[in-house]
Amino acid sequence: MSRLKSWKELPPGGVILEAGNARTYKTGDWRTEKPQVDKAKCINCFFCWAYCPDASVIVDADRGTMEGFDYDHCKGCGICASVCPKQAITMIPER
Amino acid sequence: MSKVLGLNGNAAAAHAMRQINPHVVAAYPITPQTDCVERFAEFVSEGLVDTEFVTVESEHSALSACIGAAAAGGRVMTATSSQGLALMWEMLYIAASMRLPIVMMVVNRALSGNINIHCDHSDTMGARDAGWIQLFSENAQEVYDNMIQAVRIAEDMRVRLPVMVTQDGFIISHAVERVELLDDEEVKNFVGPYRPLYPLLDVRNPVTYGPLDLFDYYFEHKRSEIEAIDNCLPVIEEVGKEFGKLSGRPYGLLEEYRLEDAEYAVVALGSTCGTAKEAVDRLRDRGKKVGLLKIRCFRPFPKDKVIRALAPRKGVAVLDRSVVFGGFGGPVFTEIRSALYDLPSRPLVIDFYYGLGGRDIYVEDIERAFARVEEVVRAGRVEKHIDYLGLRE
């Protein structure tokens, strides 16, 4: 999460002056379970990447590999684990 | 050069709107405001204004359209009354929290039920916590003057908040009075060209209005809204002074009528202040030391000025033209009494509910209020905080 501003630093009316700042809003802390991938089982099919509703599966497009998760934004919905044809992704409870 | 016309309050407001010539007016007719919007629609059809006049299907849509137009970067006005204001409810808060300088004329009319079209303040008092500036008018002249000043106040870069200008239903809105109009050019110069702040139509600088705002920032945004409305008191005074230089009719946050040496004061808003002035004059003729505190600006509440005006009095009778059901007195009473609480010695304060649903208030009623507050002071304590004027027991 970026530093939270004081009320004195905010533009009037709660307007947002810069575009594309949703990235700075870290939705990862909504999560109760986090996905974990076992790369030994992963076949880099990219199903998880295609189904993720939050664009939180990190892939290396050049090498064609699934690299892990963007935990700053992954909300822990578990769709990746559910669609994985090799059961390479497990959801583990957040502490 | 000013021009004197015989106008009712609605026409006075419509002429102010004509001279202000806003970019957009979106309004829906409702008694007793209809007359104002009809006249303005005539000005539009006669080509006397450049305004885009949006005929909407409800007041909710009227204020929604105004919010959109103001966020787009236009000078925007509307008008409503009673149930219309109630229907605008959720949009009122949105206009204020987005800091959009919309000016709205509200004809004070009782809220249903039962169905009533006449004056009381239950509509605007219900909206007193919505974040709008509220200016009350005593007569048609003040309606006209307040409308013009409201534009300057709302659009001041230190303020940027919506303003409600109120007038009492029928008593002001439909009574023809002598009204002095400024020249069109004078009004045009006084309000000046519109200066938008973060307009949505500035496509080179895209901004977002009204995003989701949760536990991490909503509170900070409300705090900055509190600061904004509290800071606008000096601006309202500045504009009132400047308007005085132009018109010969200066305005403050309050008007003190024969209050300087008064032992007893009545506090009132709107057209009742005219009646109260007559009561004060009559009692003064009989040697009573009485005066009136008229509150022109109810939101933001000019606490310091109210304290200064009322602290030296022995007793204060507050006149409330709307009810806080289950509360400890009406909205004006609770505000006044609370403002005086920290004084080491303070006047005794009593509240009178009056004039609901257009029930007339007479000079004699106000004389009775003065007599009651004198009795209370003589007894040295308030036994009954809330009483009624003009009610059949």
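No value in this document is a laboratory result; all are computed from the given coordinates. Keep in mind that what you see is a predicted model, and the values were worked out from it rather than measured. Note that each Cβ is placed from the backbone with ideal geometry, even for glycine, and that neighbours are counted across all protein chains shown.
What the table below lists for this structure:
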| read-out | value |
| --- | --- |
| Debye log10 I(q)/I(0) at q = 0.08, 0.10, 0.15 Å⁻¹ for chain B, Cα point scatterers | -0.40, -0.63, -1.37 |
| Overall dimensions of chain A by Cα: Rg and Dmax, Å | 16.6, 52 |
| D_trans [Stokes-Einstein, Kirkwood Rh over alpha-carbon pairs] for the range B:1-116, 20 °C, 1.002 mPa s, µm² s⁻¹ | 149 µm²/s |
| Surface/4 estimate of mean projected area, convex hull on alpha-carbon atoms of the range B:254-389, nm² | 7.6 nm² |
| Ranked list, fewest to most other Cβ atoms within 10 Å of each Cβ, for B:20, B:117 | B:117, B:20 |
| Within the protein assembly as shown, percent of DSSP bridges classed antiparallel, to nearest 5 | 35 percent |
| Chain A, relative contact order [Cα under 8 Å, separation at least 6], % | 35 percent |
| Ellipsoid semi-axes in whole angstrom, largest first, where each is sqrt(5λ) of the Cα gyration tensor of the range B:227-288 | 28, 15, 11 |
| Per-selection Rg to Rh, the range B:22-180 - Cα, Kirkwood hydrodynamic radius | 0.93 |
| Scaled radius of gyration (Cα, divided by 2.2 N^0.38 Å) that the range B:97-173 gives | 1.13 |
| GNM flexibility winner over chain B from B:321, B:381, B:296 (Cα, springs under 10 Å) | B:381 |
| Two-site label geometry, residue B:223 and residue B:178: point separation in nm, points 7 Å out along Cα→Cβ | 5.3 nm |
| Neighbouring partner chain Cβ atoms per residue of A:19-26, average, 10 Å criterion | 1 |
| Radius, Kirkwood style, for the range B:209-317 when every pair of distinct Cα atoms is counted (Å) | 16.2 Å |
| Karplus 3J(HN,Hα) series, Hz, for the range B:166-182 with 6.51 cos²θ - 1.76 cosθ + 1.60 (x for Gly, Pro) | 10, 9, 6, x, 6, 4, 9, 4, 10, 9, 7, 9, 6, 10, 9, 9, 6 |
| Averaged over B:211-221, number of beta-carbon atoms from partner chains that fall within 10 Å | 3 |
| Qualifying lysines (Cα of each under 23 Å from Cα of residue A:86; at least 8 residues distant if same chain) | A:34, A:39, A:41, A:75 |
| Cα Rg, Dmax, the protein assembly as shown, angstrom units | 28.3, 101 |
| Residue order, fewest to most surrounding Cβ atoms within 10 angstrom, among B:104, A:91 | A:91, B:104 |
| Shielding by partners - mean other protein chain Cβ count within 10 Å, residues of B:225-238 | 1 |
| 22 Å Cα-Cα threshold exceeded, pairs from B:188/B:277; A:5/A:26; B:289/B:314; B:188/B:241; B:188/B:222; A:8/B:222 | B:188/B:277; B:188/B:222 |
| Sorted by Cβ neighbour density within 10 Å, fewest at the top, the residues B:354, B:257 | B:257, B:354 |
| Alpha-carbon spread of the range B:188-271, three principal axes, descending order, Å | 57, 38, 22 |
